Amino acid sequence: MNISYLNDAFFSRLETMSLNLKSTLAGYFGGKHLVKTYGQTVEFADFREYQLGDDIRRIDWNLYSRFEKYFLRLFTDERQMQIQIFLDCSASMGKSDPKKGAYAVATAAALGFLAVQSMDKLSINFMRETACENPFGTIVGKNAFFRAISMFGAYDFDDGEVDLRSCIASCPDTGESNGLSVIISDFFTDSDWKKAVDYLCYKHRQVLLVQVLTPEELDPNYDGRVHLMDAEAPVAEDDRNMKLRVTRSMLNAYQQAMRDFRQDIRTFCAKRDVGYLTVSTDQPIERVFFGELLRGGIMS
């Protein structure tokens, strides 16, 4: 697998950016993400009146001299989050078009870099058939991250169909209210991927869907007689493979179906406060991260 979409200059630019995560997430001690709870950082947040049992070392004696009441100084709290990336490894993601798979891998790697540079925990899960593979374990730090992505070439997109719901539900370390889950897929599946998203929402995870499509999938330009092959068909003679004559009305119907398909995803995500982004493999990946993700408030 080729991940040449990424280079040192791109990673250098990413070092100035970070993922926007909800302040309501709990996370773990020791990260860089501000949360709504109060902690032990040096950044002042607020005052509150002293209550029995509070640490008297946090009393602001200047305020006591003015109001003759005890007030505590409160400081912001920063937490480490758990970033999970679920990468769809079905055949439609790269078997017939390796560039699509490479683009999906590059997207996963770039999001993973944003995680580790913010001192977050990172897990990269390859979804295959009905289960996830996590060959790298929990990744913390840039050294571990670059060792992991150097081995991405060993993973292919040729596993037929993938059940996104079963894969994510069977993930042993989904976590709860402690970070972001990203699903990278084309969502061309008969499995109920919406229940996978609902499961992550039930676990109080922040969720982002990244739909990776090729220009031909977004706007095909076929003409005349063609032989359409389903990359995920179990056998070559499967009834999903067909020969037909493509007409303008067929192309119009396909484009309308694609618009409806994407609108359905968009509406579903909006109702659940889930992020959603469609990327085309002919877009420079820099434009996706420094354009689409910034405008969508996913990065800052």
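For Leu209, Leu122, Leu251, Leu14, which order do you get if you count the other beta carbons within 10 Å of each Cβ and list the fewest first? Show your work: numbers first, answer last.
Values: Leu209 22, Leu122 26, Leu251 15, Leu14 19.
Listing Leu209, Leu122, Leu251, Leu14 from fewest to most nearby Cβ atoms yields Leu251, Leu14, Leu209, Leu122.
Segment 68-190: percent of C-alpha pairs farther apart than 25 Å?
Values: 2120 of 7503 pairs.
So the pairs more than 25 Å apart make up 28 percent of the total in segment 68-190.
Less than 11 Å Cβ to Cβ from Thr214, Lys/Arg counted +1 and Asp/Glu -1: what total charge do the surrounding residues give? Don't jump to the answer; show the numbers that get you there.
Numbers: positive: Lys99, Lys100; negative: Asp97, Asp186, Glu216, Glu217, Asp219, Asp282.
The answer is -4.
Past 24 Å, Cα to Cα, is the threshold; run Lys22/Lys271; Lys203/Lys271; Lys121/Lys203; Lys195/Lys271; Lys121/Lys271 against it and keep the listed order. Before the final figure, lay out each step's value.
Numbers: Lys22/Lys271 17 Å; Lys203/Lys271 16 Å; Lys121/Lys203 17 Å; Lys195/Lys271 14 Å; Lys121/Lys271 28 Å.
Table pairs above 24 Å Cα-Cα are Lys121/Lys271.
Under a Cβ-Cβ cut-off of 11 Å, what is the net charge of the residues other than Gly101 that fall near it, where Lys and Arg count +1 and Asp and Glu count -1? Mind showing how you got there, number by number?
Numbers: positive: Lys95, Lys99, Lys100; negative: Asp88, Asp97, Asp156, Asp158, Asp186.
Counting the neighbours of Gly101, the net charge comes to -2.
Quick one: net charge around Val246, please, counting Lys, Arg +1 and Asp, Glu -1 for every other residue with C-beta under 11 Å from its C-beta. Numbers along the way, then the final one.
Working: positive: Arg225, Lys243, Arg245, Arg248; negative: Asp223.
Summing Lys and Arg as +1 and Asp and Glu as -1 gives +3.
Throughout, read-outs are computed from the coordinates displayed, never taken from laboratory work. As the structure is a computational prediction, the values presented were derived from the model and not from experiment. Neighbour counts run over all protein chains shown; Cβ positions are idealised from the backbone, glycine included.
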